[in-house]
Amino acid sequence: MEKVKSIGIDAGSTTLKIVGVEEEGKILFSVIEDADPKIEEQTDKLLGELRNNYDIENSKIVATGYGSNLIKADKKVTEITCHAKGIYEYFKTGGTAVDIGGQDNKVILISKNGKVVDFIMNDKCASGTGRFLENTSWRLKISTEKMAELAISSDNEVKISSTCAVFAESEVISQLSRGQKLEHVIKGLHRAMVKRITSMVYAIGFNPPLMLSGGVAKNKAVAQMLEEELGEKPLIPENPQIMGAFGAALIGLSE
Amino acid sequence: MNLRDSIKYLFSYKIAGETFIKLNTKKAFKNFKPPKSWRTDILAPPLKTGVYTKEIIAKHYLEGRYVNGVKPVAWVTSGAPIEILKALGFYILYPENHGALCGARKAALEISEEAEKKGYSMDICSYARTDIGSILSKKTPVGKLPKPDLLLCCTNICQTVLYWYRVLAEYYKVPLIVIDTPFVYDEAKEHDIEYVKKQLEASIDVSEMVAKKSLSFTKLKEIVKLSKMAAELWLEIMSSNKNIPSPISVFDQFIHMAPIVEKRGDAVTVDFYSKMLKEIKERIKNGIGAVKNEKKRVLWDNLPIWYKIKFLSEFLAEHGVSVVASTYTNAWGELAPMMDIERPIESMARTYTYPILNRGTGHKLKTMEMMVKEFDLDGAILHSDRSCKPYSVGQVDQRLKLLNELGAAALLLEADHNDPRAFSDEQSKSRLKAFVEMME
Amino acid sequence: MLHIDIPSRKEVIEKAKSEGKKIAAIYPIHYPRELFRSFNIQPIEVWGPPKTDTKKANAHLQSYICSVVQSGLAFYLEKQLDIADIIAVPHSCDSLQGLGSIFKDFINPKHELITIYLPREKNKENVEFLSNELKRIYKQLSEFCGFSPSSEKLMEEIKKEEEIDEIVDKLYRIRENLPLSSRGFYAILRSREYLSPDEFKSKLEYILLHASKGRLKKTGVVFSGLLPEPMEIFDIIDEMDCFVAMDDMACCMRRVYGKGNSDDPFERMAERIVNGPPDPTKGNSFNERFGFLKSLIEISGAKGIVFYNVKFCEPEYFYHPILKEKLSKAGIKSLIIETDINEPISQQTITRIKAFTEMLRENEQ
């Protein structure tokens, strides 16, 4: 059985991510599950399953994310530090990391040597976060993947001006009822979200390259529009959702 | 004065620009007809003298493009005592008016986003965001704004301008004059007026230093006289709306008030409002109302919603509602009688302490009650302006009093004067409809 | 850690009442405590209070007015200020201006209502104006109380405040030698909002006695804003092995005034306020505010600044972008957090504070 040196657990608001690394920091496994309200039981169960295939008896455990308080861990570190660490080690470069999560957006400036120089998060409201698209996806009964495809293929867009995720939903509906084309409205919705993110990037002082993490990074429309707005092609890890857990696991290595 | 700048100013503004604008005005006046999109079915045609509003404003901003190096430039708040600066030959720019212009041309959002990108909160005044965004990005619908040599900030409209002008002073590294006007809870005290007077006197030194010349009191008196005359005419124009039907609407006033704010103290402004008053009297004689089928008359409280003027004006006109009076446009006329040409500084101290925005919430209620009676009104629309706390705080009580004590229908309309994100078409329509039904 | 008992506002009010004192409920920010005390009035400040149910305030205020003003009004409407004889509203910002005006024109409390206009710039004319404004209030209080305290009495109270300011200033300077948690330290400093000068002074002296030579081996941060509410925010900082080493808060440091020069009591009170530390509501220049923040960092050895801003507070908002930039150029890290004093601290705020302290410590290494 392979020996796991360190495990990172990212208990986010929508998903639970677990990553194990060996002593060089290479990823041995990664698990993603929808977050269960009973996070403690869920992590115990997942770790139990991992025990069948990996030697995790002496692994360090570092937890991060909103649910981290409920997890037994050797260390607890915020998502900011973990994402920065994960992204930096993945791409081996400083720059601007943008993590678009379920309820939070974070923009992190990372120095050449991998330190967090500055960061900002969205304010309380959820516009610009993953939830912004999910609400509408649920309302229109179209998957977020399908929405992204529609947005990319659309040759036009309707301006969605609302700043609030709840109001935006009603604005989408009223635009549709006014006879606007679905793909135009959806493209406008993506644009509104991306604009919120880019304004955060500018607020902190954009320093390329742009690196994405978090579930929404997989959304092709968002990536494409970020490129349009910032004039910089974003670097996207193969598995952007696990960057926080990966960073947490790496932090465990130096414990 | 810089020679190259002066030559450019002379050719581009004085010779080519002015001539072109004047010709345009002449043409527009001769072939006067409403714009295609004008709803002639529900509204009277726009005022013919309105072509001069365009001319005055176009000239003002065109001059601004070439004025640096030719005249000293001051950026001032909308309620600032500009007479001293005018007498010293300053070119005066009003960032708030520029903000309103951006709003009316639907450019304010994009420009304020530039300020938001730099970390300015969405919860600060949308005029300030528009102004700061414009400075940071150089975006403006008027081409180019002149850089200030001096900043003059008077707190008689809000405290917000104080922090805003600190930001401007930081960006431009030029002197900032603050005229701090104690808030008038009931009546201004002697020491309040004395304090403002001393600040005005102290401001002369700084202004003279920037202008590199001394103030002529003869000139100052002349400016005060012109300022007073224009304000009196403006007041008369607004009063003419006591006529039923009202010859112009408050939405027209929002557009045509630009000169009284921006070109107060200029002879051209006096001339302009005399012409406008004549046209209005003509309308009254012919029984023309701004709203064709005027059934209900209401007042507007607070700043305009610049990006929705057409929408609101048409929606209300469709329902036979004419907005005939407003506390906002009134603010540039109501103090005219206080100006005393023989005692310019003393009377300025008093006049500039007494704007409605520097007075208590009870005073504003009284003003609205007076309007309801004098203008024979059926209701009031109180624009609850997210961006303007001093104007908006008190409206909840004022609305109830208007409703309960005068029996006037009163609506609190949630919006923002320059940020379209705070306005919802659908929601506003349903509220306005309910308001109209209340009056029936 | 040192434990110091602090009586509650309620206990202080009851005691003052039993001693025949009048009670003045005073809204934020600047006012001369000494003027009220000369009239045997106990000033009790109303900073919110936090965690108030503000629904009653909706009958007078729109939702875009900050939570400090909302709570302050709701607190009155819940009859919590009925015990007071006087309500005073300093003119600190547009919203408090509105509150004072609504009180006067629409709410009409049975209390004696006092408004105080504060001049904005630092100069001679402003001292003169404020001095006249304080004379006006003196007259109003004389009529209300039925007597006029002498100049000597005024001077005596002024000097008491000056002495306290001096001790507070000293405590700030030796903050890292004090065996107090962040919350503990600020609970005492903030008891000045309602304690009598003698009682407050005795608490300060007690702390001074217990100052140690050993230093807190923790990373310090400067806290800037109106007020640290909810106070649990400090526990989060302490939990991260950090502490609040210094502040630039309206309820604390911004009201630690220097001594006045004048022998005229009114002028002296005015001098103290007008020449006090920079405060966004006074509209100080960026250089003044930046210089002040930088000096706080230098004195305390703190590693970063947390701007803890009550949502909708315009005076604070306007300064943030440029201050942040200036600080960053000077190598000082800062964090902006938005708060509503009536809501529990959000998980997101906790994450931000923790990440900020992680960043400070990482960069310390």
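What the table shows:
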{"item": "Unmet criterion (only one of (1) more than 30 Å from residue A:20 (Cα to Cα); (2) modelled with pLDDT of 85 or more; (3) touching a Gly at 6+ places or on another chain (Cβ under 8 Å); (4) assigned to a loop (DSSP other than H, G, I, E, B)) for residue A:197", "result": "(4)"}
{"item": "Among (1) in a helix (DSSP H, G or I); (2) free of Cβ contacts under 8 Å to residues at least 40 places away in the same chain; (3) under 28 Å from residue C:280 (Cβ atoms); (4) of a type outside the set (Phe, Trp, Tyr) - the single one residue C:99 does not satisfy", "result": "(2)"}
{"item": "Criterion (modelled with pLDDT under 95 and either within 12 Å of chain C (Cβ to nearest Cβ) or on the phi > 0 side of the Ramachandran plot (or both)) met by exactly one of B:382, B:400", "result": "B:400"}
{"item": "Residue match in segment B:230-240 (condition: away from chain C (no Cβ under 14 Å), aliphatic (A, V, I, L, M), part of a helix (DSSP H, G or I) and within 20 Å of residue B:345 (Cα to Cα))", "result": "yes"}
{"item": "Candidates C:43, C:7, C:90, C:49, filtered to the one that is modelled with pLDDT of 95 or more and part of a loop (DSSP other than H, G, I, E, B)", "result": "C:7"}
{"item": "Residue within segment B:14-32 that is free of Cβ contacts under 8 Å to residues at least 40 places away in the same chain, surrounded by fewer than 15 Cβ atoms within 10 Å (Cβ to Cβ) and not in a helix (DSSP H, G or I) present", "result": "yes"}
{"item": "Given (1) out of contact with any Leu (no Cβ under 7 Å at 6 or more places or on another chain); (2) at pLDDT 95 or above, number of the condition residue B:262 does not satisfy", "result": "(2)"}
{"item": "Number of positions in segment B:130-179 that are more than 19 Å from the chain's Cα centre (by Cα), surrounded by fewer than 24 Cβ atoms within 10 Å (Cβ to Cβ) and assigned to a loop (DSSP other than H, G, I, E, B)", "result": "10"}
{"item": "Failed item, numbered, when residue B:189 is tested on (1) basic (Lys, Arg); (2) within 14 Å of another protein chain (Cβ to nearest Cβ); (3) buried (at least 18 other Cβ atoms within 10 Å of the Cβ)", "result": "(3)"}
{"item": "Candidates A:194, A:201 - the one that is among the aliphatic types (A, V, I, L, M), under 18 Å from the mean Cα position of the chain (by Cα), farther than 30 Å from residue B:427 by Cα and within 14 Å of another protein chain (Cβ to nearest Cβ)", "result": "A:201"}
{"item": "Members of segment C:52-76 that are in a loop (DSSP other than H, G, I, E, B) and closer than 15 Å to residue C:92 by Cβ", "result": "C:65, C:66"}
{"item": "Checking residue B:388 against (1) of a type in the set (A, V, I, L, M, F, W, C); (2) surrounded by fewer than 20 Cβ atoms within 10 Å (Cβ to Cβ); (3) in contact (Cβ under 8 Å) with a residue 24 or more places away in the chain, the condition it does not meet", "result": "(2)"}
{"item": "Sole exception among (1) under 20 Å from the mean Cα position of the chain (by Cα); (2) assigned to a loop (DSSP other than H, G, I, E, B) for residue C:79, by number", "result": "(1)"}
{"item": "Looking only at segment C:102-125, and only at residues there that are part of a strand (DSSP E or B) and in contact with an Asp or Glu (Cβ under 7 Å, 6 or more places away or on another chain), the one that is farthest from the other protein chains (Cβ to nearest Cβ)", "result": "C:112"}
{"item": "Filtered residue count, segment C:188-202, keeping only those that are outside any loop (DSSP other than H, G, I, E, B) and either touching a Phe, Trp or Tyr at 6+ places or on another chain (Cβ under 9 Å) or crowded, with 20+ Cβ neighbours inside 10 Å (or both)", "result": "7"}
{"item": "Exclusive hit being of a type in the set (S, T, N, Q), at pLDDT below 95 and out of contact with any Cys (no Cβ under 7 Å at 6 or more places or on another chain), set A:30, A:13, A:6", "result": "A:13"}
{"item": "Lone unmet requirement of (1) out of contact with any strand residue (DSSP E or B) (no Cβ under 6 Å at 6 or more places or on another chain); (2) more than 13 Å from chain C (Cβ to nearest Cβ); (3) assigned to a helix (DSSP H, G or I); (4) buried (at least 18 other Cβ atoms within 10 Å of the Cβ) for residue B:367", "result": "(2)"}
{"item": "Unique match (being assigned to a loop (DSSP other than H, G, I, E, B), on the phi < 0 side of the Ramachandran plot and modelled with pLDDT of 85 or more) among A:57, A:89, A:49, A:145", "result": "A:57"}
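Condition check ((1) of a type in the set (Ser, Thr, Tyr); (2) more than 10 Å from chain C (Cβ to nearest Cβ); (3) out of contact with any helix residue (DSSP H, G or I) (no Cβ under 6 Å at 6 or more places or on another chain)) across all residues:
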| site | (1), (2), (3) |
| --- | --- |
| B:109 | no, yes, no |
| B:114 | no, yes, no |
| B:125 | no, no, no |
| B:129 | no, yes, no |
| B:144 | no, yes, no |
| B:158 | no, no, no |
| B:165 | yes, no, yes |
| B:172 | yes, yes, yes |
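The values are calculated or read from the model by the stated rules, or taken from the named source; none is laboratory data. Note that the coordinates shown come from a computational prediction; the quantities given were computed from them, not determined experimentally. Note: ideal-geometry Cβ built from the backbone for every residue, glycine included; neighbour counts use all protein chains shown.
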